[in-house]
Amino acid sequence: MYHSWLDRWDERRALRGDEGKKATDFVLDTERAFPGTKKISSIEEFCVLADQAVADPTFFREPSGSGDGFIRDDGWLRFPSEISTDTEENNVVWARITESGSFDQAMVIFHHWNAKAHNRLIAKFFSRRGITVVEIAMPYHFERSRPGSVHADYMLSPNLGRTIQSMRQAVWDGQKLIRWLRSEGYRKISVLGMSLGSWVAGLIAAHDQAVSKASLFLTAGSLADMVWTGRATRSIRYSLESAIELTDLKRAWGPLNLENYAHNLARPGIHLHVVLAKRDKVVLPELSERFMERLTDAGAKPRILELSCGHYSLAIPPYILFAGLSLKRFLSC
């Protein structure tokens, strides 16, 4: 009875999230994903470039440019993104800082897709326990939103190239912020990602040696599988399925598949924490389980907490309390 009510609660929340989402055209947009490449017109050619990006250890490596451009004011930090897009607002990165008074540890939070508010309670909770919390705005969210848009349709869409560009931009922005935190004197850097933010946090953890701990909430490995099967991305699948097979989509978005970097996430010196929802209709449990198996096979030993709730109901008691306490123990050890 209770779980039936919980499922209905999640569905009502999903319906609210559907407001404003519209099916848009399938586009390759290769140049956005892989700058400098020649114009192509076939999915196969796009997939070949994606395969090369997966094999390229520098694809997600943020350029080590100047540390200039950081402006800190009244609890906020802003700086220029290393990727320039057609949306001027998106080219400036904003981050909200909640100080702890200690330079021992900082945690960078990557929010979920279409987030409408910052995680103030989480920030306050951990800052009081000696961890400075930095909430970064991902591309096309919050202060970086595209004028006139009602949701972050440029962050995740049936435009294959723009989605890769947006995810790569999020990863580069996160690494640039981490580099700034290190320059400010923070010794230990953790990342926390929620839903789509967990893919960004995971990619950063896989490619940035400065990250010592990564906590991934509501995550899986294959972004393509999540979009194809998830409750929140039906409008995107509607546009994709008439133009591309799932097998090709998985190759095309191979650079965004955390399973391809499982060995990076199993490297010495990094610790993983994962929170999953057994009744999740957005990130299906079987996708999460496959990712956990891939991590284990690579030698990683993630701390896994599975809760009997849905994707959205993780945010309500008692589940959010269980998740928060689990994260606290992970960061404290």
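The values are calculated or read from the model by the stated rules, or taken from the named source; none is laboratory data. The shown structure was predicted, so the numbers you read here are calculated from the model rather than taken from an experiment. Cβ: placed from backbone, ideal geometry, glycine included. Neighbour counts: every protein chain shown. For accessibility, only protein heavy atoms count, side chains too; no ligands or nucleic acids. Shrake-Rupley method; radii C 1.70, N 1.55, O 1.52, S 1.80 Å.
Some notes on this structure:
- In segment 114-129, the residues that are among the aromatic types (Phe, Trp, Tyr) reach residues that are surrounded by 12 or more Cβ atoms within 10 Å (Cβ to Cβ) with C-beta atoms within less than 6 angstrom, at least six apart or across chains, in these pairs: Phe126/Val133.
- Flag not set for Phe79, criterion: part of a loop (DSSP other than H, G, I, E, B), hydrophobic (A, V, I, L, M, F, W, C), surrounded by 13 or more Cβ atoms within 10 Å (Cβ to Cβ) and in contact (Cβ under 8 Å) with a residue 12 or more places away in the chain.
- You will find that of Ser195, Ser222, Ser190, the residue that is of a type in the set (Ser, Thr, Tyr), buried (at least 22 other Cβ atoms within 10 Å of the Cβ), closer than 30 Å to Gly101 by Cβ and within 17 Å of the chain's Cα centre (by Cα) is Ser190 and no other.
- Filter result for Leu28 (out of contact with any strand residue (DSSP E or B) (no Cβ under 7 Å at 6 or more places or on another chain), open to solvent by less than 60 Å² (accessible area, probe 1.4 Å) and of a type outside the set (Asp, Glu)): yes
- Segment 257-295: number of residues that are more than 16 Å from Leu223 (Cα to Cα), open to solvent by 80 Å² or more (accessible area, probe 1.4 Å) and part of a helix (DSSP H, G or I): 2
- Selection from segment 271-296 of residues that are of a type outside the set (D, E, K, R) and touching a Ser or Thr at 6+ places or on another chain (Cβ under 6 Å): His273, Leu276, Leu284
- One residue stands out in segment 126-172 among those that are touching a Ser or Thr at 6+ places or on another chain (Cβ under 7 Å) and more than 30 Å from Ser42 (Cα to Cα): the one that is surrounded by the most Cβ atoms within 10 Å (Cβ to Cβ), namely Val133.
- For beta carbons closer than 9 Å, sequence separation of 6+ or different chains, a first residue in segment 41-62 that is within 14 Å of Val27 (Cα to Cα) and exposed (fewer than 12 other Cβ atoms within 10 Å of the Cβ) and a second that is modelled with pLDDT of 95 or more and hydrophobic (A, V, I, L, M, F, W, C), the qualifying pairs are Ser41/Leu28; Ser42/Leu28.
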